[in-house]
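The values are calculated or read from the model by the stated rules, or taken from the named source; none is laboratory data. Values in this document were obtained by computation on a predicted structure and should not be read as measured data. As a convention, Cβ positions derive from the backbone with ideal geometry for all residues, glycine included, and neighbour counts pool all protein chains shown.
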Amino acid sequence: MNAIVQVDKLRKVYGATVAVDGISFEVQQGEIFGVVGPNGAGKTTAIECLEGLRKPDSGTVRVMGIDPQVDGHILRERAGMQLQQSNLPERMRVWEALDLYSSFYPRAVDWQALLTRLGMEEKRNSAFAKLSGGQKQRLFIALALLPDPQLIFLDELTTGLDPQARHAIWDLVRDVRAQGKTILLTTHFMEEAERLCDRVAILDHGRIIALDTPQALIRQLGAGERVVFSPDQLLPVDFANSLSGAVKLENQGDRVVIQANNGRQEPLVSEVVSLLAEKGIRFHDLRTEQPNLEDVFLSLTGRGVRD
């Protein structure tokens, strides 16, 4: 595979704050590459350096072989960009936005065909202010696709959208990748990264602390099946010790979470249910879960709230 993005020891500092601290990675042609991290981890700063919107303090960045600081105008003709904060005049109609933006590019795609492909044909005459959140995001994706880009930047694509709109946008992103495009996205949603991304870089305090496929990162966590339930009474203090193998018991409000390690062979849920019955403990809302990318994220970055 060919690297379409190459980042080597990228660093960006604001006063005493190190936003990006010497990160290095590559994005391969045709993949969806995700960048995730807590608030203030440096995600947007890093992406804006790749887009040419911010100047790195040190390190090298090449996007499709282009230095964004030297040939930013060429990059913007060949890459699509959906920014974290985007807006249009409230009265601008959908077709007017697409027609205007297509005039910025020497080889713009047919915006009318693009409008149909993105399911926005019936909204072509709607004012921007009248669009729903999901429709606005589809419009911004359409604007990013106008230059027929090899690479598309998507920054916090589905923040604020309801579940239906979020899944519709995910389907759209998959369709775009199926056309041979490369996508670099940032997101706060671990489910989004796990479902969409071929590889994920986890940033924390400006550094990459993990980079691999979502499946490999989950395997590296070493966690197994998880049983979650709400008991009608407090569990005995030795409840976890009565279960075979290495397990961890955690109380989360009125819920109990029992986590097995990855090496456990027999199902945990049957043993938990049998033990509850043996001790005469009634319970409800029992379910099993498999480890996911959110577990990896919390394990690496902690559970503390970031502003």
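Before moving on, here are some points about what is shown:
- Test: residue in the stretch 226-240 that is without any contact (Cβ under 8 Å) to a residue 60 or more places away in the chain, aromatic (Phe, Trp, Tyr) and crowded, with 18+ Cβ neighbours inside 10 Å: yes
- All positions within the stretch 133-154 that are more than 17 Å from Leu88 (Cα to Cα) and not hydrophobic (A, V, I, L, M, F, W, C): Pro147, Asp148, Pro149, Gln150
- Residue that is farthest from Arg219 (Cα to Cα) [pool: residues in the stretch 251-274 that are out of contact with any strand residue (DSSP E or B) (no Cβ under 6 Å at 6 or more places or on another chain) and part of a loop (DSSP other than H, G, I, E, B)]: Gly253
- The residues of the stretch 230-250 that are touching a strand residue (DSSP E or B) at 6+ places or on another chain (Cβ under 6 Å) and either of a type in the set (Ser, Thr, Tyr) or part of a strand (DSSP E or B) (or both), listed by number, are Ser230, Pro231, Val247, Lys248, Leu249, Glu250.
- Residue tally, condition closer than 29 Å to Val13 by Cα and in a helix (DSSP H, G or I), over the stretch 193-209: 1
- Residues of the stretch 210-229 that are modelled with pLDDT of 95 or more and part of a loop (DSSP other than H, G, I, E, B): Thr213 alone.
- Considered as a group, the residues in the stretch 138-159 that are within 19 Å of the chain's Cα centre (by Cα) and in a loop (DSSP other than H, G, I, E, B) include one that is farthest from Val5 (Cα to Cα), and that residue is Thr159.
- Where a residue in the stretch 54-69 is touching a residue at least 60 places away in the same chain (Cβ under 8 Å) and its partner, wherever it lies, is of a type in the set (Lys, Arg), with Cβ under 9 Å and at least six apart: Val63/Arg78; Met64/Arg78
- Among the residues here, Gly253 qualifies as on the phi > 0 side of the Ramachandran plot and of a type outside the set (D, E, K, R).
- Residue in the stretch 164-177 that is loosely packed, with under 13 Cβ neighbours inside 10 Å, more than 23 Å from Gly30 (Cβ to Cβ) and modelled with pLDDT under 95 present: yes
- Matching option when the condition is without any contact (Cβ under 8 Å) to a residue 60 or more places away in the chain, among the small types (Gly, Ala, Ser) and farther than 19 Å from Val36 by Cα, among Ala144, Ala129: Ala129
Let's see how each residue does on (1) at pLDDT 95 or above; (2) within 24 Å of Ala178 (Cα to Cα); (3) surrounded by fewer than 16 Cβ atoms within 10 Å (Cβ to Cβ); (4) in contact with a Phe, Trp or Tyr (Cβ under 6 Å, 6 or more places away or on another chain):
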| site | (1), (2), (3), (4) |
| --- | --- |
| Ser24 | yes, no, yes, no |
| Pro38 | no, no, no, no |
| Asp57 | yes, no, yes, no |
| Val70 | no, no, yes, no |
| His73 | no, no, yes, no |
